[in-house]
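*Asks:* Sharing a structure below in structure tokens format, with a few things to ask.
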Amino acid sequence: MEKEDLEAFLERWKRELLYRPAERPGAVNGVDGNTNDGVREPGADGRSCLLPGETRSDCASAAADPQEGWVNPPRYETQESTSRRKSQRSSSAEEPPCKLPRNDALVQQLIQDLNEMNDIPFFDVDLPYELALKIFQYLNRTDLGRCAQVSKTWMVLAEDEVLWYRLCLKAGYHSGAGVNDSPCWKSTLRDCKKTEDTLRYNWKNRIGTISNLQYELGRVLCDVSSCDDLVIAGYTSGDIRLWDTLHWDSRTSYLRPSHVIAGDGPLSHVSQVKVNEVVAVAAYKDGLVNVWSTETGQEPIHLYQHFQKVQNVALGSEGAAVATASGPQVRVDGPLDGGYWTTLCQAELPKPVESLLLVPKRQEAPLAVAAAGESVYLLGPEREPSLLHSVYGHPITCLDVTPSHVALGVKRHGWAVSDGGNKIQVYSLLTGQSEVTVGNAVGDFTCINLRDAPNHLLVCGNKDQRVHIFDLRCGSSVASLYAHQLGVTAVQADDWKIVSGGGEGLVCVWEMRMRTKLWEMHNRHPVRHIRFGTSRLVTANIPEEKTPRGACITDDDLTAHRRHRGVVYLYDFSEDTAVPDHVLPICRSDYTEKAGYNYNIGLAVPYDAIAGPRAAL
């Protein structure tokens, strides 16, 4: 098709060059009145490019190629500069246009035509096409739509694929794509924007599907972690379950620990689990650490043993480096270039480690951030542990890290309480200095979300039952949301919403701009894990008591009572809102009364299905 289009263009162009004056309408005795052999001549305004007998609409339509739906820039031929044209307008007599020799080579004529067709009219100035495109790149999609209505030339310029490709990347869509990966970037941007608006509407109105990720033979839930479409859970039976929520592949859903492979007897309780796109990790109370590949699954690719219980496990957002903490010991393992695993870093701190994280998106060697008592340390390969923060008598209660900053909650004691209460300090990893201190809370800070929060904002939870939002530029509080009666246990935020979980089992969704609660869900046990993406939300209610009494659980019983197990829920808000089955169960109330219900939400009890006059009973 492209070859045929090229041949048709060449034929059409040759006919223009060989066009005889005698064949033109209005020619006298074989000589054209304009005495120009087949070349478009500038008119009195210096911008006209019409042939004799040709209108401007014909000139604009000649630039449009009906093949493949693409449009060439119209030919606006300007032979003189702007000052020359202005002097021509003021003079009474026009200068005769320059004739092109009949014996010029076709290549030279082609170059001249290409130079002439790239000029774009900007009021009384004609600019090259590339320079006009450079000006249009500073416009947003609304301004481009308005410019497309000015003229045909501006419409062609406003529809340029490079402009819409840049707008698509600026909006955060298809960040890894090239300019040739989409046939129409304007349509791609429109579809992405429509999908984003639909997802936001579904989030606000709690429209979607809900799935219960359960494993009854695992007994009581111990820990949960998630990353994108992967969810991992560990149980008191020692079993590890990995769900791929995108494909629901049951073949890789069960990860076999090394205890089972070696046949060493019953497994100990799982203490910590973590997962990213590359590996999944599980640590047990007896100190054993197993590492699996998320691609191959089932049998572990690496394992090692601590002498005490592993209370902290950390993974980076990328890569396969694994950091674990057992008592005061910290160990970082990772694969070499050949695939063999080795210990990259190992250190022993003065006090037991309470929080451990790996710095995300780090291209160099992995860097671990560990909080032990009132001190925070930086650990990495081939370096001694360096002290980042330490204040005697002020322990660290929570920790979060970004590629460039570390945020930590500090608990004040004694005389320091009169200095404003508990604080959050933000350190720079580049300089190692404190940049800002925020907070003035009576309760302890329990969770911090700096990694996912919008720019210059920090979202955290406190034991004072509130979710706090701070502006790091001025160090002041932006909002304080009364959320949970037993304190906030987990929180995450993006550019327009906040999702928080509390010790009483409530999961609340807030709108950041209006600072109002959109909806909430309740379960029996405290919320220990919250993670959401564009269209999905994963929550985990993990019980405090791993071996409950009076629950009819014996040593030979393989299951636990439902109320003691804990639950893992997956909310998907990307479903079609027109299908009734895609509404969450709590939103399917059949009560006839409308008073007292927001968003058509009723209690999720069996009597919700009752219809008719008995519904009011």
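The values are calculated or read from the model by the stated rules, or taken from the named source; none is laboratory data. All figures in this text were calculated on a predicted structure; none of them were measured in a lab. Backbone-built Cβ (ideal geometry, glycine too); neighbour counts: all protein chains shown. Just the protein is used for accessible areas: all its heavy atoms, side chains included, with ligands, DNA and RNA removed. Shrake-Rupley method; radii C 1.70, N 1.55, O 1.52, S 1.80 Å.
*Asks:* Return the residue satisfying two criteria in turn: it lies in region 535-584 and is charged (D, E, K, R), open to solvent by 40 Å² or more (accessible area, probe 1.4 Å) and closer than 30 Å to Lys194 by Cβ, and of such residues it is modelled with the lowest pLDDT.
*Replies:* Asp581
Conditions tested, residue by residue: (1) surrounded by 17 or more Cβ atoms within 10 Å (Cβ to Cβ); (2) over 28 Å from the mean Cα position of the chain (by Cα); (3) farther than 27 Å from His394 by Cβ.
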{"position": "Pro328", "(1), (2), (3)": "no, yes, no"}
{"position": "Gly338", "(1), (2), (3)": "no, yes, yes"}
{"position": "Glu354", "(1), (2), (3)": "yes, yes, no"}
{"position": "Gln363", "(1), (2), (3)": "no, no, yes"}
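*Asks:* Looking at (1) modelled with pLDDT under 90; (2) of a type outside the set (A, V, I, L, M, F, W, C); (3) open to solvent by 30 Å² or more (accessible area, probe 1.4 Å), which is the only condition Lys463 fails?
*Replies:* It is condition (1) that Lys463 fails.
*Asks:* Before we move on, is Glu504 in contact with a Lys or Arg (Cβ under 7 Å, 6 or more places away or on another chain), at pLDDT 90 or above and of a type in the set (D, E, K, R)? So that I can check it myself, show each step before the final result.
*Replies:* Numbers: in contact with a Lys or Arg (Cβ under 7 Å, 6 or more places away or on another chain): no; at pLDDT 90 or above: yes; of a type in the set (D, E, K, R): yes.
No.
*Asks:* Here's another thing I want to ask about it. Can you tell me how many residues in region 347-375 are among the polar types (S, T, N, Q) and over 16 Å from Lys309 (Cβ atoms)? Don't jump to the end; show me each part of the working.
*Replies:* Let us first name the residues in region 347-375 that are among the polar types (S, T, N, Q), namely 355, 363, 375.
Remaining after also requiring over 16 Å from Lys309 (Cβ atoms): 363, 375.
Of the residues in that region, 2 qualify.
*Asks:* If a residue must be over 13 Å from Tyr254 (Cα atoms) and either surrounded by fewer than 22 Cβ atoms within 10 Å (Cβ to Cβ) or in contact with a Gly (Cβ under 6 Å, 6 or more places away or on another chain) (or both), how many such residues does region 221-235 contain?
*Replies:* Filtering region 221-235 down to residues over 13 Å from Tyr254 (Cα atoms) leaves 221-229.
This time we only want the ones that are either surrounded by fewer than 22 Cβ atoms within 10 Å (Cβ to Cβ) or in contact with a Gly (Cβ under 6 Å, 6 or more places away or on another chain) (or both), so: 221-223, 227-229.
Counting residues in region 221-235 that are over 13 Å from Tyr254 (Cα atoms) and either surrounded by fewer than 22 Cβ atoms within 10 Å (Cβ to Cβ) or in contact with a Gly (Cβ under 6 Å, 6 or more places away or on another chain) (or both) gives 6.
*Asks:* Pull up region 455-476, narrow it to residues that are among the basic types (Lys, Arg) and assigned to a loop (DSSP other than H, G, I, E, B), then point me to the one that is nearest to Gly487 (Cα to Cα). Break it down stepwise before answering.
*Replies:* Filtering region 455-476 down to residues among the basic types (Lys, Arg) leaves 463, 466, 473.
Checking the rest, the ones that are also assigned to a loop (DSSP other than H, G, I, E, B) come to 463, 473.
On the way: Lys463: 4, Arg473: 27 Å.
Among those that are among the basic types (Lys, Arg) and assigned to a loop (DSSP other than H, G, I, E, B), it is Lys463.
*Asks:* With respect to Lys423, is the statement that it is modelled with pLDDT of 90 or more and open to solvent by less than 60 Å² (accessible area, probe 1.4 Å) true? Before you say what the answer is, go through the steps one by one.
*Replies:* Working: modelled with pLDDT of 90 or more: yes; open to solvent by less than 60 Å² (accessible area, probe 1.4 Å): yes.
Answer is yes for this residue.
*Asks:* Give region 478-534 a look and list any residue that's open to solvent by less than 20 Å² (accessible area, probe 1.4 Å), assigned to a strand (DSSP E or B) and not hydrophobic (A, V, I, L, M, F, W, C), or say none.
*Replies:* If the condition is that a residue be open to solvent by less than 20 Å² (accessible area, probe 1.4 Å), assigned to a strand (DSSP E or B) and not hydrophobic (A, V, I, L, M, F, W, C), then Gln492, Lys497, Ser500, Gly501, Gly502 are the ones that fit.
*Asks:* Among the residues of region 319-326, are any touching a strand residue (DSSP E or B) at 6+ places or on another chain (Cβ under 8 Å), in a loop (DSSP other than H, G, I, E, B) and surrounded by fewer than 19 Cβ atoms within 10 Å (Cβ to Cβ)?
*Replies:* Pass one, region 319-326, residues touching a strand residue (DSSP E or B) at 6+ places or on another chain (Cβ under 8 Å): 319-325.
When the remaining residues are screened for being in a loop (DSSP other than H, G, I, E, B), the result is 319-321.
Okay, now just the ones that are also surrounded by fewer than 19 Cβ atoms within 10 Å (Cβ to Cβ), so none.
So far as region 319-326 goes, no, none of its residues is touching a strand residue (DSSP E or B) at 6+ places or on another chain (Cβ under 8 Å), in a loop (DSSP other than H, G, I, E, B) and surrounded by fewer than 19 Cβ atoms within 10 Å (Cβ to Cβ).
*Asks:* Can you name the residue in region 134-165 that is assigned to a helix (DSSP H, G or I), in contact with a helix residue (DSSP H, G or I) (Cβ under 9 Å, 6 or more places away or on another chain) and of a type in the set (Ser, Thr, Tyr) and, of all such residues, is most open to solvent (accessible area, probe 1.4 Å)?
*Replies:* Tyr165
*Asks:* Out of (1) under 25 Å from the mean Cα position of the chain (by Cα); (2) buried (at least 22 other Cβ atoms within 10 Å of the Cβ); (3) closer than 21 Å to Asn462 by Cα, what's the single condition that is false for Val369?
*Replies:* (3)
*Asks:* May I ask you to list the residues in region 433-454 that are assigned to a loop (DSSP other than H, G, I, E, B), open to solvent by less than 60 Å² (accessible area, probe 1.4 Å) and not small (Gly, Ala, Ser)? Spell out how you get there, then give the answer.
*Replies:* Pass one, region 433-454, residues assigned to a loop (DSSP other than H, G, I, E, B): 433, 442-444, 450-454.
Still in the list and also open to solvent by less than 60 Å² (accessible area, probe 1.4 Å): 443-444, 450, 452-454.
Within region 433-454, Asp444, Leu450, Asp452, Pro454 qualify.
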